[in-house]
Amino acid sequence: MAAETVSNVVCPLCGCLCDDIEVIVENGKISNVKKACPLGKNKIMGHDRIKAPMIRENGEFKEVSYDDAIEKSAQILAQAKRPLLYGWASLICEAQRKGVELAEEIGALIDTTASVCHGSTVVGVQGRGAPGCTLGEVKNRADLVIYWGCNPQEAHPRHRARYAHSVKGMYRPNGKKDRKVFVIDVRETKTAKVADEFVKIDPGYDYMAFSALRTILAGHADVVPDTVGGVAKEKLVEMVDAMKSCEFGVIFGGMGLTQTRCRYKNLENVISLVDELNAHTKFTLIPMRGHYNVNGSGHTLAWLTGYPFAIDFSRGYAWYNPGETASNDVLLRREVDAMMAIAGDPGAHFPGESLRHMAKIPLIQIDPYANPTTELADVVIPTAISGVEVDGTAYRMDGVPIRTRKVVETEYLTDEEVLERILTRVRELKGGN
């Protein structure tokens, strides 16, 4: 059979959701991927796939059928008194919706990877509002781009080229020559090396830097110390001048803001800065979301429950209180007696104390790929790759919903099918319909 090129495929790796990928298919298999970054190509090509469902017996994995793995999972969740359903960042919104249904059925706590990445951004937005625009507006209008606490050159490799730096836009016809790029970070990253200005800041001083910028913007530079967080006052004044004089500015905020000292307060402060800059020019803020549909998980969960992550159904209704109901809160308190990790990898990102508790309780993993969580799991259920073997809806980092495409057929069950079958069996075990 001749090779077929499938055009305009949406990459299911990061929050950029690049929608110009070309995938070469031969004999029903993907043989090559063009235009994607190395990270995206690796995912679309399908590295380290889990070959079959498995159940751990006497410390060793044994391959089983989907029916057996789903039955075991349903029994674990039906018997649990404080189950946790975590992940939901690398699958489509349709499967996330089914996850909320399962969480409500078993009175579980459902949480997303946002609780260890941009959950602080969500809380900051709830407190101060959500400035924002589309990446298309950044491409066409922005002449000042600030990457603060993020390193897209390595985490979102096509971000600069497609949306923010070298790309030519309607009002930026010369691309890179029409823009100025600042990088503010605690170390000189690869992104810093290609920026026009790198401003090194001491770890944990972002809140103070935002406060200093706001003070200078308000005309009170005289009360700002000579240095703030290791940044000279003259540089801060220069930054404010650049912000005020640009035609359209954007700050891309990363986990250097959300997972460091002050967390959501950093976001509240930078949102206030953006708000005050709009008295002088047009300015906005976009979080650099990591997993390709972690933004969609917030939208889906909020639409269905009223809350974006860390949602607890144990009282019979949805409520949330990050700091009390997030995954690591309940794991560190050793409240959880069963856990399902789906489309997320807590084994690679959670603190040691949480992992030690995860190792003591029944753990179900639903994921196309083997990862550190697999080493702790008791039941492993491989699924089709969303955005490659399953179509569906995902939300880009700027909040734009995008329909992902199905490129090839697969024998793997989809996440939605697995969740539906677990839910049906849980209801039977609990004596429902």
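The table below gives the values:
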item	result
log₁₀ of I(q)/I(0) at q = 0.28 Å⁻¹ - the stretch 308-363, Debye sum with one point per alpha carbon	-1.30
The stretch 119-287: C-alpha gyration tensor shape, a/c 1.5 cut-off, then a/b vs b/c	rounded
Positive dipole terminus of the chain, leading residue within PHE309, SER211, ALA221 (C-beta point charges)	ALA221
Amide H partners (placed H, <5 Å) of VAL231, local residues excluded	ASP202
Cα-based reach from LYS35 at 26 Å (exclusive), listing lysines while leaving out same-chain residues under 8 positions away	LYS43, LYS139, LYS168, LYS176, LYS177, LYS180, LYS190, LYS193, LYS406
DSSP bridge pairs, the chain: antiparallel proportion in percent, nearest 5	40 percent
For LEU84, solvent-accessible area (1.4 Å; no DNA, RNA or ligand), Å²	0 Å²
Three-way shape call for the stretch 4-43 based on the alpha-carbon gyration tensor, with the a/c threshold at 1.5	prolate
Relative counts (whole %) of C-alpha pair distances in the chain, using bins that are 10 Å wide	5, 21, 29, 24, 15, 6, 1, 0
Proximal lysines relative to LYS72, as straight alpha-carbon distance under 25 Å, when same-chain residues fewer than 8 apart are discounted	LYS51, LYS62, LYS81, LYS98, LYS360, LYS430
Average accessible area per residue (Å²) across the chain - probe 1.4 Å, nucleic acids and ligands excluded	42 Å²
Gap separating the Cα centres of the stretch 113-186 and the stretch 1-54, nearest whole Å	25 Å
Shape call, the stretch 249-379: gyration tensor on alpha carbons, a/c limit 1.5	prolate
Partner lysines for LYS265 [C-alpha distance under 24 Å; skip if fewer than 8 residues away on the same chain]	LYS200, LYS233, LYS235, LYS244, LYS282
Within-12-Å neighbourhood charge of ARG334 [Cβ basis; K, R +1; D, E -1]	0
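The values are calculated or read from the model by the stated rules, or taken from the named source; none is laboratory data. None of these values were measured; they are calculated from a predicted model. Note that each Cβ is placed from the backbone with ideal geometry, even for glycine, and that neighbours are counted across all protein chains shown. What goes into the accessible areas is simple: the full protein's heavy atoms, side chains included, and nothing from ligands, DNA or RNA. Shrake-Rupley method; radii C 1.70, N 1.55, O 1.52, S 1.80 Å.
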